[in-house]
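In what follows, a single structure is set out as structure tokens and then discussed.
Just so it is clear, none of the values below were taken in a lab; they were calculated from the coordinates. All values derive from a computational prediction rather than experimental measurement. A quick note on method: Cβ atoms are made from the backbone with ideal geometry, for glycine too, and the neighbour counts reach across all protein chains shown.
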Number of protein chains: 2
Amino acid sequence: MNTEEILSLPVALPDGVDYDDYLIATYLASFAAVWPIPVLAEALAIEQSTGTWVAVPGETPEVRCQHVAKVIGVYEAPDYEFEVPQSLETRNWIIQVAYPEVNIGEQLPMLLTTVVGNISMGGNIKLLDVRFPKKFVAGFKGPKFGIAGIRKLLKIPKRPLLNNMIKPCTGYTLEVGAELFRKAALGGCDIIKDDELIADASFNSIKGRVKRYMEIEKQVYEETGEHTLYTVNITDKIPKVFQNAKRAVELGCNALMINYLAVGLPVMQALAEDPKINVPILAHMDVAGALYMSPLHGVSSHLVLGKLPRLAGADVVVIPAPYGKAPVIPDKFRNVAKNLTFPLYHLKPTFPMPSGGITPSMVTQVITDLGTDIVIGSGGGIHAHPQGPIAGGKAFRQAIDAVMQGIPLEEYAKDHAELDIALKEWSDPFGKGVAAR
Amino acid sequence: MNTEEILSLPVALPDGVDYDDYLIATYLASFAAVWPIPVLAEALAIEQSTGTWVAVPGETPEVRCQHVAKVIGVYEAPDYEFEVPQSLETRNWIIQVAYPEVNIGEQLPMLLTTVVGNISMGGNIKLLDVRFPKKFVAGFKGPKFGIAGIRKLLKIPKRPLLNNMIKPCTGYTLEVGAELFRKAALGGCDIIKDDELIADASFNSIKGRVKRYMEIEKQVYEETGEHTLYTVNITDKIPKVFQNAKRAVELGCNALMINYLAVGLPVMQALAEDPKINVPILAHMDVAGALYMSPLHGVSSHLVLGKLPRLAGADVVVIPAPYGKAPVIPDKFRNVAKNLTFPLYHLKPTFPMPSGGITPSMVTQVITDLGTDIVIGSGGGIHAHPQGPIAGGKAFRQAIDAVMQGIPLEEYAKDHAELDIALKEWSDPFGKGVAAR
């Protein structure tokens, strides 16, 4: 067979086929108007499964029948019907390709190789979505705790959880960190995490932090009756990342944190599926923008921050919030959270943790946007409270309580001094119009 | 201290400082003309080291002194001096930030978290380069074999090596693959690799391929006196990827292949630094475009395909070539190869393996561009030779011999039939003007 003959083979997936045998990937292709995208889409599907740019002897009809990827949709936006404007320089296409599940198996690396892979170098092409069949997802355990499991650990059935990230980000000693931990815990933070910029540092070790912080956790619990999860950042090379995790759990740490894209999704999955790692995993988002920020390349945010870390077993995923310092389109933000929580076969829902410059004044808005099954992440918004971190934590808890009781923050602040001060200090710190309501 | 006071602290790195204490990262920032980038650059440097968007109590002068990242250069392109044109909508800046090495340690995950990390979500910001101090690189073993080591294994001191990737990419049986392997080896391919789309598949296992292909390798060696490295694709989830590697080596495989970005750089580093994995590692580039293709986001190609896999110990890295099916700017291509081979402390040079639609007609050009210390990768250009894969391999070897002897391909083809046929079949298959010379 020559190239023309191969391209002329029917590659469309007939209606009535067993969709459980396929993963459906959706791409944006933005190309110069001269390119014949509907034909090239089929070439792409062949290239990412059985074939290459030229017919080769081993690519028999039998091989193609079972293993070729199939173009099941090519849609132009806008959808020109009677004439393509001559002035058009670029045409935008949405392409859907069905990949045989058997080509990939139930694993993330070969998934990425197949649906992102060499396609990522083919021009202006962005992966917008992947729909996973049951057979594929069956190979993943997903979050060990998820939203319900973490709520059960903390005995907090309904309200949003409060997370504090210790600031400064790095460079501080154990004793400085311990004081910040104590204050954040006393202030009512349900989860306290390391910043992503500190892990097992020469000047501040994981072992030191776990031992000291967990002692403080017990002391604070005696005082307040509230538990705090400490997510220690175990990010490291292999095998040290696994040793860090094991040692942290042995030392009594009640949660872990990992920079999941910096170490790779397979590392997080291995931890999440290890029965000895019997604590929740908080997944930090750093590096994600390198994959999703371009409108024309890479992989959409709801995959990078949503479906993929959920498949890999994250119990909490930190996501950039549109209220603070990160530039984020609110619809994209909500879509990430949705992908962490919607029904996905047997996988438990993962907690979205909006983060990045969040202050108590934004609590109403974040709950309006995402609901109450969230972890609200704040670093500076707690530690830099004018009355200190304990008051900073209390201000957030008061804001959460107000929203849960349906009371406007300004109203609730009248007899809650910490919240009152926070609202006045940061009514709209980033000028984005997110104010107390 | 308030934000203004913190921002007013001197963060520039004074001349005469010990550069071995810092990693120098270079960024492109492309922002709306209204943004005060020189001030924001310092905020970024603080955010990625000790601080956050607001001053926090733990960020003492001592912490800042030792751990804050320092902006050491902010350059606008063009470099406006007396007036910024009012019509300007976007301004482009090159920013250099020195990160204290002690913040990161000698590991890739915390490197990525620090230099890409949350910055990647900050707008139109792309990481263009990282210069590594000796202290950092000292923590890496780099390639175990490198160019010289692989040349020694194969007893080929000077000429470019020839690699064949078995096509079809996936979906074929062991026996189909074995025949293609045999023919490619008989044709003179020095390295034969799996396609990135097949690893330990349910229909074609690693164990089966290694046993069968290595038997054939021995038979072909008896016949031709030339050895062939078989790089079996061990890509998989953790810990299976490590089990795959160990088993492949135990079964006698003489090389490994890994989709290094799909599994994550730390996996490849762990394999490369494991003394039991005493064979070369070929690193496949798939997924790379998701990181480097955007001109405004992500990470430049010479890091993704060059310095980073070299640090992580790749002996060969597959890179997209500008002659074939991938869109690549030739200068970028040459820069990737340069970053794989230039002096980098104690790290051995890594073989660049240009690939993607290469045919014998392009051999002169690829050697002109990159020199002779390369692996030339061809899949379809060997298997689809009109006289079959053995002739396909021979045509490439003849083209390599011709260039090594300084004889134009057309001339050499006069008494080398396989080359002659290949040149006629594919004089310029992608219309890029790369012809036989």
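At-a-glance table
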| quantity | calculated |
| --- | --- |
| DSSP bridge orientation in chain B - percent antiparallel, rounded to nearest 5 | 50 |
| Antiparallel DSSP beta bridges within the range B:259-387, percent to nearest 5 | 10 |
| Alpha-carbon centroids, the range B:61-85 and the range A:183-236: separation in whole Å | 34 |
| Under 17 Å from the A:D20 label point (7 Å along Cα→beta-carbon), backbone N, the range A:338-361 | A:344-347 |
| Computed [θ] at 222 nm, deg cm²/dmol, chain A (DSSP H ≥ 4; -39,500 (n - 2.57); rounded to nearest 500) | -10500 deg cm²/dmol |
| Relative contact order for the range B:146-425, counting Cα pairs under 8 Å that sit 6 or more residues apart, in percent | 19 |
| Radius 13 Å from Cβ of B:L174, net charge of other residues (Lys, Arg +1; Asp, Glu -1) | 0 |
| For the protein assembly as shown, share of DSSP beta bridges that run antiparallel, in % to the nearest 5 | 50 |
| For the range B:290-305, Karplus couplings with θ = phi - 60° (6.51, -1.76, 1.60), whole Hz, Gly/Pro x | 4, 9, 10, 5, 6, x, 10, 9, x, 9, 4, 4, 6, 7, 4, 9 |
| Rounded FRET efficiency, nearest 0.05, which uses the C-beta distance separating B:K134 from B:E223 and R0 of 56 Å | 0.70 |
| Three semi-axes of the equivalent ellipsoid, the protein assembly as shown, Cα gyration tensor, whole Å, largest first | 48, 28, 27 |
| GNM flexibility winner over chain A from A:E223, A:E215, A:E425 (Cα, springs under 10 Å) | A:E223 |
| Sorted by Cβ neighbour density within 10 Å, fewest at the top, the residues A:H346, A:H284, B:H227 | A:H346, B:H227, A:H284 |
| Using θ = phi - 60° and Karplus 6.51 cos²θ - 1.76 cosθ + 1.60, couplings along the range B:161-171 (whole Hz; Gly, Pro as x) | 8, 10, 10, 10, 9, 5, 10, x, 5, 8, x |
| Cβ-defined net charge surrounding B:L419, 10 Å radius [Lys, Arg +1; Asp, Glu -1] | -1 |
| Pairwise centroid distance, computed over Cα atoms, of the range A:408-434 with the range A:306-359, Å | 25 |
| Most fluctuating residue given options A:I277, A:I400, A:I156, as computed from a GNM of chain A linking Cα atoms under 10 Å | A:I156 |
| Label point distance in nm, B:V34-B:K155, each placed 7 Å from Cα along Cα→Cβ | 7.2 |
| Ranking of A:I125, B:I382, A:I216 by count of other Cβ atoms within 10 Å, fewest first | A:I216, A:I125, B:I382 |
| Net +/- balance of residues flanking A:K348 in space, Cβ distance below 10 Å, scoring K and R +1, D and E -1 | +2 |
| Shielding of B:57-70 by partner chains, average beta-carbon count, 10 Å | 5 |
| Ratio Rg/Rh [Cα only; Rh per Kirkwood] for the range B:3-137 | 0.97 |
| Translational D in µm²/s for the range B:57-187 (Stokes-Einstein at 25 °C, 0.890 mPa s, Kirkwood Rh from C-alpha pairs) | 118 |
| Residue and distance (whole Å) for the chain B Cβ nearest the axis that superposes B on A | B:G264, 1 |
| Which of B:M165, A:M214, B:M404 has the fewest Cβ neighbours within 10 Å, and the rest in rising order | B:M404, A:M214, B:M165 |
| Unit charges on C-beta of K, R, D, E only; dipole of the protein assembly as shown, Debye | 2080 |
| Chain B: most fluctuating residue of B:A290, B:A69, B:A399 per GNM, C-alpha cutoff 10 Å | B:A290 |
| Rg/Rg_globular for the range A:134-291, with Rg_globular taken as 2.2 N^0.38 Å and Rg from C-alpha atoms | 1.02 |
| Averaged over B:231-240, number of beta-carbon atoms from partner chains that fall within 10 Å | 6 |
| Per-residue average of Cβ from other chains inside 10 Å of B:379-386 | 4 |
| Calculated Rg and Dmax of the range A:148-208 using C-alpha coordinates, Å | 13.2, 40 |
| Debye-sum result for chain B in log10 I(q)/I(0), which assumes one identical scatterer on each alpha carbon, at q = 0.10, 0.13 Å⁻¹ | -0.75, -1.09 |
